[in-house]
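Novice: Here it is, the structure, as structure tokens.
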Ligand code: ZN
């Protein structure tokens with residue numbers, strides 16, 4: 001496969017592409033990536049959406065829906081994903097102007113299809129008529145499928161009528177626009193700030209890579225010296241490394257006052273009023289749907305069962321971390337020799353880290369050659385689950401760096417397969433992720449085994465030298481492989497609940513964060529981390545330092561995350577039309593409760609909180625910590641029984657990995673652990689012991 005020219009797929013226009021030869025529409029188990037061209041996309045999407053609209057109309061006419069009817073409806077999403085899945089995958093891993101155009105033209109069509117589906121009353125009623133059939137206890141998976149469908153219909157406003165329905169639609173559109181404006185304002189405010197520096201000494205400590213960029217930017221503007229922008233990497237570098245407190249203070253002030261009434265660009269693109277509008281509309285939409293607050297609405301699709309539970313969860317973590325965080329701050333203050341300002345924290349943390357740990361991540365790369373890390377990972381899966389992973393003859397792939405693997409049981413039967421695309425290159429989205437290529441389905445007739453895409457952005461091999469990972473990158477690989485196992489080891493027959501589909505999103509990071517733990521364990525590292533030339537194991541002192549780095553100043557970062565999470569959640573839970581949003585009041589209250597670093601009065605952090613006011617994580621920021629607790633506690637079972645205890649692994653596979661979204665996430669956890677999740681494992685893992693509260 002190496003003689004295939006890179007980037008062939010989707011990059012070139014083929015004037016001879018015809019609809020009847022459209023590779024997106026040919027039947028087959030896996031996508032025909034090599035034949036796929038940008039001009040295939042729009043005709044194929046139109047074709048599949050028309051066919052599925054027709055299927056929906058047939059389903060709407062069903063007089064008496066049956067379980068077969070349910071199975072036919074499941075095919076609709078699968079049929080669309082078969083066409084749209086490869087397109088959006090390619091758009092991420094092998095983008096080209098032509099493909100991006102085709103993608104952007106088709107995205108609204110696909111979105112519109114699902115919006116219409118969500119408000120389809122005829123289907124809603126037919127799903128409802130199946131509910132009694134599913135309630136007989138004989139069909140737990142079908143019952144969950146119907147419950148999810150009914151829930152999603154309701155959250156789309158299907159039950160609203162008349163003025164309420166119109167109002168709900170108007171709110172949704174207004175919210176989408178306001179949230180987009182929040183992000184836009186933040187971007188504009190970030191771009192509006194520049195720091196021009198002529199004195200090299202004032203930039204002492206700032207990493208060379210940042211200075212090279214700043215030098216080039218200055219030249220671009222016909223300026224001498226250095227021009228620094230406020231993008232996240234530059235901001236973080238300045239805060240962590242610049243020796244001048246004045247420079248750090250200037251960047252800190254610019255950063256925390258973006259899109260607000262304070263700071264160097266006060267009043268321009270102010271997000272303040274938007275926050276109030278967004279919170280008011282979210283609250284109103286939640287009330288229209290019958291929820292007490294937007295926080296309650298947010299939990300309708302999550303594992304946490306009540307707002308009180310989430311708030312207590314965050315407070316409990318806060319109580320048990322705050323004393324340690326205060327101690328860490330005291331250590332840092334003593335190290336600095338003077339009281340610390342908010343713009344000093346990252347700087348002295350970094351200095352202390354280098355002095356205490358004497359470990360640069362880069363030094364570890366020779367010990368983590370990618371082929372060896374993959375072998376180690378696959379053998380862990382083999383020891384845990386008695387499954388074999390081996391390279392297979394690749395089907396059509398989109399790039400010569402792509403590999404294809406199969407997971408098989410001891411008897412040789414196929415469990416699932418996955419593509420890997422692990423190296424950074426131009427025209428590929430940054431970061432690491434796992435996506436579904438095929439979801440497991442067994443809808444009467446043929447069994448579809450699941451297939452996943454595993455995408456990372458590691459350095460490519462150079463000549464004879466393999467790709468060498470930092471330890472952080474090895475952790476990333478394990479993380480993504482946890483998602484992969486979740487998707488492939490599923491035993492659910494319905495694709496909308498199989499693998500990673502339909503899983504409550506505060507629980508979906510459980511398997512990924514769970515698997516990360518293995519690559520921290522000395523007994524795993526002893527065989528997995530070997531020098532790529534000499535084969536020598538990682539020296540003991542480096543191993544020890546790595547363990548310490550995991551817990552270094554962990555409580556300070558814990559309470560910071562808790563501040564964000566508690567603020568987000570309380571804001572959405574305590575909103576009332578009479579009292580308004582009380583943004584500053586709630587934030588001050590949260591800070592008194594969990595924070596240890598005092599912030600100046602000009603700080604306007606909420607105006608920059610795009611996770612929450614831009615969309616996605618509204619009343620959901622807590623999910624990060626929630627899933628960390630689940631993962632650490634689940635891994636605790638392996639600490640107790642032995643790292644490779646087969647029975648524990650089998651219980652984990654059956655209770656967590658196999659069930660996908662077909663079971664309530666808490667029930668699944670309790671089945672595995674024998675009790676509800678507890679915080680202790682995460683606190684231990686982070687080095688935050690709390691003997692005073694445990695007694
Ligand atoms: Zn993840």
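FYI, it's all coordinate maths here, none of it is from the lab. Given the structure is predicted, the values throughout are model-derived calculations rather than measurements. Neighbour counts are summed over all protein chains in view; Cβ atoms, including those assigned to glycine, are modelled from backbone coordinates with ideal geometry.
Novice: Can you tell me, using C-alpha contacts under 8 Å and at least 6 residues apart, the relative contact order of the chain as a whole percent?
Specialist: 15 percent
Novice: While we're looking at this one, here's another question. Provide 89, 548 in ascending order of the number of other Cβ atoms located within 10 Å of each residue's Cβ, fewest first.
Specialist: Result, fewest neighbours first: 548, 89.
Novice: So what is log10(I(q)/I(0)) for segment 369-470 at q = 0.12, 0.13, 0.19 1/Å, when the Debye sum runs over its Cα atoms only?
Specialist: -0.46, -0.54, -1.08
Novice: Which percent, to the nearest 5, of DSSP beta bridges fully inside the chain are antiparallel?
Specialist: 80 percent
Novice: Okay, moving on. Answer rounded, prolate or oblate for segment 194-256, using the Cα gyration tensor with square roots of eigenvalues a ≥ b ≥ c: rounded when a/c is under 1.5, else prolate when a/b is larger than b/c, else oblate.
Specialist: Cα axes put segment 194-256 in the prolate bin.
Novice: For segment 268-333, just say rounded, prolate or oblate: build the C-alpha gyration tensor, square-root its eigenvalues into a ≥ b ≥ c, call rounded for a/c under 1.5, and beyond that prolate if a/b exceeds b/c, oblate if not.
Specialist: Oblate.
Novice: Once the piece of chain linking residue 166 and residue 413 is laid out straight, how much longer is it, given 0.36 nm per residue of separation minus the C-alpha distance between them?
Specialist: Stretched out fully, the residue 166 to residue 413 stretch lengthens by 83.6 nm.
Novice: Arrange 168, 368, 635 by Cβ neighbour counts within 10 Å, fewest through most, would you?
Specialist: Least to most surrounded, the residues fall as 168, 635, 368.
Novice: Report the relative contact order of segment 194-256, percent, no decimals, based on alpha-carbon pairs under 8 angstrom and at least 6 residues apart.
Specialist: Computed value for segment 194-256: 39 percent relative contact order.
Novice: What's the exposure ranking of 624, 575, going from fewest to most Cβ atoms within 10 Å?
Specialist: Going from sparsest to densest Cβ surroundings: 624, 575.
Novice: If I histogram all Cα-Cα distances within segment 112-159 using bins 5 Å wide from 0, what percent of pairs lands in each bin?
Specialist: Result, from short to long distances: 5, 24, 29, 21, 12, 6, 2, 0 percent.
Novice: Fully extended, how many nm does the chain gain between residue 536 and residue 427 (0.36 nm per residue separation, minus their Cα-Cα distance)?
Specialist: 35.6 nm
Novice: Separation between the residue 133 and residue 338 pseudo-spin-labels, each 7 Å from Cα along Cα→Cβ, expressed in nm?
Specialist: Rounded to a tenth, the inter-label distance reads 7.5 nm.
Novice: Roughly speaking, what is the centre-to-centre gap between segment 177-204 and segment 91-123 when only Cα atoms are used, to the nearest Å?
Specialist: 32 Å
Novice: Now for a separate question. Take the alpha-carbon centre of segment 243-289, take the same for segment 560-632, and report the distance between them in whole Å.
Specialist: If we compute the Cα centre of each part, the gap is 13 Å.
Novice: Can you tell me, using C-alpha contacts under 8 Å and at least 6 residues apart, the relative contact order of segment 75-195 as a whole percent?
Specialist: Here the relative contact order equals 19 percent.
Novice: Checking the a/c ratio against 1.5 first, then a/b against b/c, what shape does the Cα gyration tensor give for the chain?
Specialist: Rounded, since a/c falls under 1.5.
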